[in-house]
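The values are calculated or read from the model by the stated rules, or taken from the named source; none is laboratory data. Keep in mind the model is a prediction, meaning the values are calculated, not measured. So basically every Cβ, Gly included, is an ideal-geometry build from the backbone, and we count neighbours across all protein chains shown.
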Amino acid sequence: MQRYSIFSLIKNAFSNHENWDVAWKDPEPKKEYDVVIVGGGGHGLATAYYLAKEHSITNVAILEKGWIGGGNVGRNTTILRSNYMWDANGLFYEYGMKLWENLSQELNYNVMYSPRGVINLAHSDAQLNTFARRGNSMRLNGIDAVMLNREELKKMIPFADFSSARFPIFGGLMQPRGGTARHDAVAWGYARGADSMGVDIIQHCEVTGFNVQNGKIQGVQTTRGNIKTKKIGLCVAGNTSLLAAKLDMKLPIESHVLQACVSEPVKPFLDHVVTFGAGHFYCSQSDKGEMVMGGDLDGYNSYAQRGNLPTLQHVLSEGLAMFPNISRLKMLRTWGGIMDMSMDGSPIIDKTHIEGVYLNCGWCYGGFKATPVSGWTFAYTIAQDRLHELNSKFKLNRFNTGHLIDEKGTATKVWLG
Amino acid sequence: MLEIKCPYCGKRSQNEFSYGGDANLKRPELGKEVSDKVWDDFVYYRSNPKGKHSELWHHVSGCRQWFKVSRNTATHEIFKTSKLDEEL
C-alpha cells in the first residue's frame, strides 16, 4: 500500500497527481474464500479489515450489491458517542470510541474525527435527573460525562432558545469526547486497508442464495457466480431480514426509513453536536458550514431509501424550537436510509443455528458510531467462532431468554423509538 | 406524503394517521397453554417483507378507528385498505 504523507503528497504534486495508486482494486471473485462478508458498508469493510489485521485471515471477500459506502455509511449524520447507561452498550461503544481516537493513524487515512462534544439538552428537572443518572453510569464505566447548567450552556450554544419557551432549557449532559467523523472516509479508509492486506472487495455482486448442507454453510450464490466458503458474515443492515429469509430465519427486526438533511452552508455558529431533549432531533455543523440534521423515523415499515415530507416537517419544527435562528436556512439535500430496527433497540452480533453463518444487525439509528467496534468484535466472533466479552450480551436469543438490552425502553413498537 | 383511504372517512393525508405494525400477527388465544416459542414469535419476531405488507393503521386524528392497509414497503404504494373484520 502506498502510504499517504506530506512527502507522498509533494512527490505526486510533481506529476499533477496523476500517478497515485488506486485505493482498492476491482478483482474478479475467486471460486473459494475462507470468509465471505456480505455487505460492503462500514461494518462489512471494518469486519474484513480486522479479520486480516487482528486474526491474519486474508482470504476474505466482501460482496456488495451496489458500491461500497453507498448504503447507510453514506447516509448518516456522522455522530460518534458512547453515552449509554447499560453496561452492555456503554462498554461496547466506549471501546469503539477508543478505536475512533486512533483510527486516522491506524488506517493512514484521515477520517476527520472531531471530538467536539455531544450535548443532550434537558427540558425539565426530571429529565435533568435522569441525565445525571445516566452520566453517573457512564462515569462508572470509565466514559467521560459532564453535567452542564443553563449558564454554561448559554456560553457554549448561545443561539439556542433560552427564553421561557414551551420546552425551556434546564441543563444538559455532555460527552466531551463524542463528536463527528467524515463518514465516506471511514468506508474508504477501511476498504483501502482491507484491500492492502489481500481482501477482495467485489462490488455489484448481489447474494441471491445460500448453499447450506447438514446445518453447515457451504457457499453463496451470487449474481457473479457461486462462491464456496465455510464462514459467512452478514452485515447488510436494513436488508438483513431478506437475506435471513433465504436461510429460513425470521428475525426480531423491522426495516424502517430514517431521513436526514443538510442545509445550505453558513458561517460557523454551532461548535458541538446538540440533541433536543423534548423530542427527537439532533444537529451539528459540518466543516463546510452545512447544518446536518436528523430525527425520527418515518414510522412505517419501509425498504425505500426515501421518506415523506410530514416527518421532515415534524423533525425540523423541533429544530426550530431549539435554534429559532435556523428558520430561514434553505435545505440543500434530504435523503433516507433503511434502519434495521431491533425489538429492544440494541444490536445483534452473534452466531446462528447454522454453522458458519454469523449475524451482525439490529443497529437501529446508531450504526455509524459503532463501525470500528462492530467490525472488531464481529471479526473476533467469525475468526474464533465465539463471542467476545464486548458483544457477549448482543445475542440473538436474548429475545427468547428475556435478557433484553432496552436502553430506551421503547418495547416492540420500534417505529416509536 | 402518503394518501391513505380510511374505510370509514375516505382519503386523508398521512398526517391524520398513526402506524400499528404488522397486521398478520396473531395474539395467542387467552386462557390456553402457550409455549415460550409461540409467545416470543408473537412479541418479537417479524416477517418484515420487502414488497406487499399487511399492516394496521389508526385514524388517530379522525374517526379513531383501526383498520388494515396493504402497502408496498419498497415503493410506498398503497394497494388497498379494509376494515379490521374484512378480508384485505
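Within the stretch B:12-34, if we keep just the residues that are over 23 Å from residue A:297 (Cα atoms) and surrounded by 10 or more Cβ atoms within 10 Å (Cβ to Cβ), the residue that is nearest to the other protein chains (Cβ to nearest Cβ) turns out to be B:34.
Quick one: how many residues across the stretch B:41-88 are farther than 21 Å from residue A:256 by Cβ, within 13 Å of another protein chain (Cβ to nearest Cβ) and outside any loop (DSSP other than H, G, I, E, B)? Final tally of qualifying residues: 0. Taking the criterion of being closer than 22 Å to residue A:189 by Cα, away from chain B (no Cβ under 11 Å), among the basic types (Lys, Arg) and out of contact with any Pro (no Cβ under 7 Å at 6 or more places or on another chain), would at least one residue in the stretch A:405-415 satisfy it? No; the residues of the stretch A:405-415 include none that is closer than 22 Å to residue A:189 by Cα, away from chain B (no Cβ under 11 Å), among the basic types (Lys, Arg) and out of contact with any Pro (no Cβ under 7 Å at 6 or more places or on another chain). Only residues that are surrounded by 21 or more Cβ atoms within 10 Å (Cβ to Cβ), in a loop (DSSP other than H, G, I, E, B) and among the polar types (S, T, N, Q) were counted in the stretch A:315-351, giving 1. For beta carbons closer than 7 Å, sequence separation of 6+ or different chains, a first residue in the stretch A:53-69 that is within 11 Å of residue A:36 (Cβ to Cβ) and at pLDDT 95 or above and a second that is surrounded by fewer than 24 Cβ atoms within 10 Å (Cβ to Cβ) and among the hydroxyl-bearing types (Ser, Thr, Tyr), the qualifying pairs are A:63/A:222.
If you go through the stretch B:1-11 and keep only what is surrounded by 14 or more Cβ atoms within 10 Å (Cβ to Cβ) and within 11 Å of chain A (Cβ to nearest Cβ), you end up with B:2, B:4. In summary, residue A:379 fulfils each of the numbered conditions (1) of a type in the set (A, V, I, L, M, F, W, C); (2) touching a Ser or Thr at 6+ places or on another chain (Cβ under 7 Å); (3) assigned to a helix (DSSP H, G or I); (4) under 30 Å from residue A:264 (Cα atoms) with the single exception of condition (4). Within the bounds of the stretch A:162-169, is there any residue that is under 19 Å from residue A:281 (Cα atoms) and crowded, with 17+ Cβ neighbours inside 10 Å? Within the stretch A:162-169 (the criterion being under 19 Å from residue A:281 (Cα atoms) and crowded, with 17+ Cβ neighbours inside 10 Å), the answer is yes, since at least one residue qualifies. Name the residue, out of A:262, A:274, A:236, A:315, that is closer than 30 Å to residue A:164 by Cβ, β-branched (Val, Ile, Thr) and within 20 Å of the chain's Cα centre (by Cα). Sole residue among the options that is closer than 30 Å to residue A:164 by Cβ, β-branched (Val, Ile, Thr) and within 20 Å of the chain's Cα centre (by Cα): A:274.
Just one of the numbered conditions (1) within 14 Å of another protein chain (Cβ to nearest Cβ); (2) within 17 Å of residue A:64 (Cα to Cα); (3) surrounded by fewer than 17 Cβ atoms within 10 Å (Cβ to Cβ) is not true of residue A:228: (1).
Contact map, the stretch A:206-226: first residue within 16 Å of residue A:244 (Cβ to Cβ), second residue of a type outside the set (Gly, Ala, Ser) and modelled with pLDDT under 95, Cβ cut-off under 7 Å, separation 6 or more or different chains; the map is empty. Does the stretch A:188-211 contain any residue that is assigned to a strand (DSSP E or B), touching a Phe, Trp or Tyr at 6+ places or on another chain (Cβ under 9 Å) and over 30 Å from residue A:118 (Cβ atoms)? Yes, the stretch A:188-211 has at least one match.
All of A:245, A:260 fail the test of being more than 14 Å from chain B (Cβ to nearest Cβ) and among the hydrophobic types (A, V, I, L, M, F, W, C), apart from A:260. So which residues in the stretch A:289-314 are among the aliphatic types (A, V, I, L, M), within 14 Å of chain B (Cβ to nearest Cβ) and surrounded by 22 or more Cβ atoms within 10 Å (Cβ to Cβ), if there are any at all? Within the stretch A:289-314, just A:297 meets the criteria.
Applying the criterion of being under 26 Å from the mean Cα position of the chain (by Cα), of a type in the set (Gly, Ala, Ser) and not in a helix (DSSP H, G or I) to the residues of the stretch A:117-157, the residue that is surrounded by the most Cβ atoms within 10 Å (Cβ to Cβ) is A:122.
For the stretch B:16-30, the count of residues that are closer than 26 Å to residue A:305 by Cα, touching a His at 6+ places or on another chain (Cβ under 9 Å), assigned to a helix (DSSP H, G or I) and touching a residue at least 40 places away in the same chain (Cβ under 8 Å) is nonzero.
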